[in-house]
Amino acid sequence: MADPNRHAHLYRCRTVWTGAAKGATVAYDAYSRDYRVEMPGKPPLTGSADPAFLGDSALPNPEDMLLAALSACHMLSYLALCARAGIHVLAYEDEAAGEMTVKQKALRFTDVLLRPKVVLAPGGDRAKAEALHATAHRQCFIANSVNFPVRHAASTTIAEG
């Protein structure tokens, strides 16, 4: 019998190395890093490795997608909190940045900084809106799943009435 207190969410994807069509992995610098990620019922994503690892610079890489996941998760958590709190957000954009460095003898993400820019409807409560970023951070599933700091430096403006 299923436990009614358990709130599990299961996600699935299929990753296919599409670069195989360009040849086998005969040498490190001679094979394609291109791939496709398929999720049931959704459009496929195409990607490659970072150019530093001989990937295609025109395609997103796993590092890009991790940063995008952190940025999107914070945004979606924040917008939900604002909607529940009666704060009317008119616009939201983020210029996120993540850094990978060698730590404990392995290349890994060591820091991410989210820079959300939020525009509130006229009469909005700027202080309350800014305080909700901390709650959004605590509620972000992706930020809760990584082992490096995810910081935010938000700016909030109120639209002219």
Percent RCO, i.e. relative contact order, over the stretch 11-161, from Cα pairs under 8 Å lying at least 6 residues apart: 18 percent
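What size of dipole, in debye to the nearest 20, comes out for the chain about its Cα centre when the only charges are +1 on Lys and Arg C-beta atoms and -1 on Asp and Glu C-beta atoms? Can you show the working numbers first?
Details: 17 positive and 16 negative charges, 103 e Å.
Roughly 500 debye for the chain.
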Signed unit charges on C-beta, dipole axis of the chain, positive-most listed residue Ala27, Asn61, Trp17: Trp17
Pairwise label distance in nanometres, Ala134 with Tyr31, each label 7 Å out on the Cα-Cβ vector: 4.9 nm
Within the stretch 97-161, percent of DSSP bridges classed antiparallel, to nearest 5: 50 percent
Thr15 - accessible surface, heavy atoms, 1.4 Å probe, Å² rounded to 10: 90 Å²
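Per residue, how much accessible area does the chain show when a 1.4 Å probe rolls over the protein heavy atoms, in square angstrom? Before the final figure, lay out the partial values.
Working: 10640 Å² over 161 residues.
The answer is 66 Å² per residue.
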Calculated from backbone phi, Karplus (6.51, -1.76, 1.60) coupling profile of the stretch 105-121 in Hz, x at Gly/Pro: 6, 9, 6, 7, 5, 10, 6, 10, 10, 8, 10, x, 10, 10, 10, 9, 5
Approximate spin-label separation Arg115-Ala80, in nm, with each point projected 7 Å along Cα-to-Cβ: 2.7 nm
Residues in the stretch 120-161 reached by a label modelled at His88 [backbone nitrogen below 20 Å; 7 Å Cα→Cβ]: 120-132, 156-161
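Please work out the ratio of the alpha-carbon Rg of the stretch 1-101 to 2.2 N^0.38 Å and round it to two decimals.
1.47
Counting other Cβ atoms within 10 Å, which trypsin sites (Lys or Arg not before Pro) in the stretch 1-61 have at most 11 and lie in a DSSP loop? Provide the component values of the computation, followed by the final result.
On the way: sites: Arg6, Arg12, Arg14, Lys22, Arg33, Arg36; in loops: Arg6, Arg12, Arg33.
Here the sparse-neighbourhood loop sites are Arg6, Arg12.
Please identify every one of the GluC sites (Glu not before Pro) in the stretch 1-107 that sits in a loop by DSSP and has no more than 15 other beta carbons within 10 Å of its own beta carbon.
Values: sites: Glu38, Glu63, Glu93, Glu95, Glu99; in loops: Glu95.
Taking the stretch 1-107 and a limit of 15 other Cβ atoms within 10 Å, the loop GluC sites (Glu not before Pro) found are Glu95.
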29 Å Cα-Cα reach of Lys128 towards lysines, excluding residues that sit fewer than 8 places from it in its own chain: Lys117
Cα lying deepest toward the dipole's positive end in the chain, options Gly124, Leu90, Thr135, charges on Cβ: Thr135
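Exactly which trypsin sites (Lys or Arg not before Pro) in the stretch 73-161 are in a DSSP loop and have at most 10 other Cβ atoms within 10 Å?
On the way: sites: Arg84, Lys103, Lys105, Arg108, Lys117, Arg126, Lys128, Arg138, Arg151; in loops: Lys105.
Within the stretch 73-161, the qualifying trypsin sites (Lys or Arg not before Pro) (loop, at most 10 other Cβ atoms within 10 Å) are Lys105.
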Fraction of accessible area attributable to carbon and sulfur, the chain (%, probe 1.4 Å): 56 percent
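Over the stretch 72-155, what is the relative contact order in percent, taking alpha-carbon pairs closer than 8 angstrom and at least six residues apart?
Relative CO of the stretch 72-155 lands at 37 percent.
The values are calculated or read from the model by the stated rules, or taken from the named source; none is laboratory data. Note that the structure is predicted; figures quoted are calculated from it, not measured. Neighbour counts run over all protein chains shown; Cβ positions are idealised from the backbone, glycine included. The accessibility values were calculated without ligands, DNA or RNA, using every heavy atom of the protein model including side chains. Shrake-Rupley method; radii C 1.70, N 1.55, O 1.52, S 1.80 Å.
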